[in-house]
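Chemist: Here it is, the structure in full.
Just so it is clear, none of the values below were taken in a lab; they were calculated from the coordinates. Everything numeric in this text was worked out from a predicted model, so none of it was measured. Every residue, glycine among them, receives a Cβ derived from its backbone with ideal geometry; neighbour counts consider all protein chains shown.
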Amino acid sequence: MSTIFDWHHIHYTEVTSTNDIAKEQSRFFNRQNVVFTADSQTSGRGRRGRQWISLKGNLFLSQLLSADISISNLTFVASLSIAETLCSLTKESINIKWPNDVLVNGDKICGILIESVDNKVIIGVGVNLVFHPETSDIMYSTTDLRSLGYNINPNDFLVCYLQYFDTNFQLCRRDFSQIRQKWLNFAANLNMPIEVRYSDHIKKGIFKGIDEQGLLLLEQKDKIIKIAVGDIFL
Ligand code: BTN
């Protein structure tokens, strides 16, 4: 075990899923924030039960924390912090696709899966540093930093991310509207047509941003509807 800023850091070579490890280990850490990482995952999980292909070289991390802010707000803190990390390490165009897919030049490079255990939150983050999946059942295009010409090792990325995360977390505790504003600066397709899909439902409209709770605002004819869950198609 080592430390990064105020975080305990525990690294594994191979795990099923760093989110599973964070869940299992939760009872050993009361108030201390912990970040679990692994070289690879054998059962990496994505949102809505999807698989997250987890080969060695990419970054797989799970933060275990006792948070006094909502899971929804943490979604925005985490995706914003990843976007800022990518901005500081690359010269590429970085966007966030609601709620928390981080894109480089329009291609997904990072996914975030937030879960809870007891009274704690687990923020699972996967970042494509050296590899991206290219199978036909993935609904979006993907990329990785190495194929864009950047050689960044997982630990350097982690340290940079945690620094942004800590700053944004404190800011969020004081005032979510500032996080919301910073997040909107990265929002993909703001004021443009989007399609939101959730199981069999498809809603089309103009993406007008997010409200104070992080709900997506979709303009349809003369009205604005609020959406809590779904996948955006640009
Ligand atoms: C998604 O976009 O569907 C979310 C992907 C989240 C993947 C990360 S990798 C680290 C952590 N462990 C997991 O099993 N999932 C998350």
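Chemist: Please identify which residues in region 1-34 have an amide N closer than 14 Å to a label point set 7 Å out from the Cα of Ser66, following the Cα→Cβ vector.
Modeler: 26-34
Chemist: Give me Cys110, Cys160, Cys172, Cys87 sorted ascending by neighbouring Cβ count inside 10 Å, so fewest comes first. Each step should come with its number before you reach the end.
Modeler: Details: Cys110 27, Cys160 18, Cys172 21, Cys87 14.
Listed from fewest to most nearby Cβ atoms, that is Cys87, Cys160, Cys172, Cys110.
Chemist: How high is the relative contact order of region 1-127, in percent, with contacts defined as C-alpha pairs under 8 Å that are six or more residues apart? Present the calculation step by step, with values, prior to reporting the outcome.
Modeler: On the way: 253 pairs, mean separation 29.1, N = 127.
Rounded, it is 23 percent for region 1-127.
Chemist: Now for a separate question. For Val35, Val130, Val229, what ranking results if the residue with the fewest other Cβ atoms within 10 Å of its Cβ goes first? The partial results should precede the final answer.
Modeler: Numbers: Val35 25, Val130 18, Val229 12.
The most exposed by this proxy come first: Val229, Val130, Val35.
Chemist: Please report Arg48, Arg146 as a ranked list, fewest other C-beta atoms within 10 angstrom at the top and most at the bottom.
Modeler: On the way: Arg48 10, Arg146 16.
Lowest to highest Cβ neighbour count: Arg48, Arg146.
Chemist: Once the mean 1/r over all distinct Cα pairs of region 8-130 is inverted, what Kirkwood radius in angstroms do you read off? Write out the running numbers ahead of the final one.
Modeler: Working: mean 1/r = 0.0684 Å⁻¹.
Evaluated over region 8-130, this radius sits at 14.6 Å.
Chemist: Okay, next question. Could you please state, rounded to a whole Å, how far the C-alpha centre of region 183-223 is from the C-alpha centre of region 23-66?
Modeler: Rounded to whole Å, the Cα centres lie 29 Å apart.
Chemist: Taking the chain as a Gaussian network, Cα atoms linked when under 10 Å apart, which of Ala78, Ala188, Ala67 shows the biggest mean-square fluctuation?
Modeler: Ala67
Chemist: Given only helices, namely DSSP H runs of n ≥ 4 each adding -39500 (n - 2.57), what is the per-residue ellipticity at 222 nm of the chain, to the nearest 500 deg cm²/dmol?
Modeler: Working: 4 runs with 57 residues, N = 234.
About -8000 deg cm²/dmol.
Chemist: From the mean inverse distance of alpha carbon pairs (Kirkwood) and the Cα radius of gyration, derive Rg over Rh for region 106-218.
Modeler: Numbers: Rg = 16.5 Å, Rh = 16.8 Å.
Radius of gyration over Kirkwood radius for region 106-218 works out to 0.98.
Chemist: Return the equivalent ellipsoid semi-axes of region 32-78 as a descending list in whole Å, where each equals the square root of 5 times an eigenvalue of the C-alpha gyration tensor. Please report the intermediate quantities before stating the final value.
Modeler: Values: eigenvalues 102, 42, 14 Å².
Each semi-axis is √(5λ); the values are 23, 15, 8 Å.
Chemist: Just round it to a whole percent: the fraction of Cα-Cα distances in the chain exceeding 32 Å.
Modeler: On the way: 4211 of 27261 pairs.
Roughly 15 percent, rounded to a whole number.
Chemist: Would you please give the residues with an amide H less than 5 Å from that of Gln51, counting only those at least 5 places away or on a separate chain, with H modeled from the backbone geometry?
Modeler: Gly46
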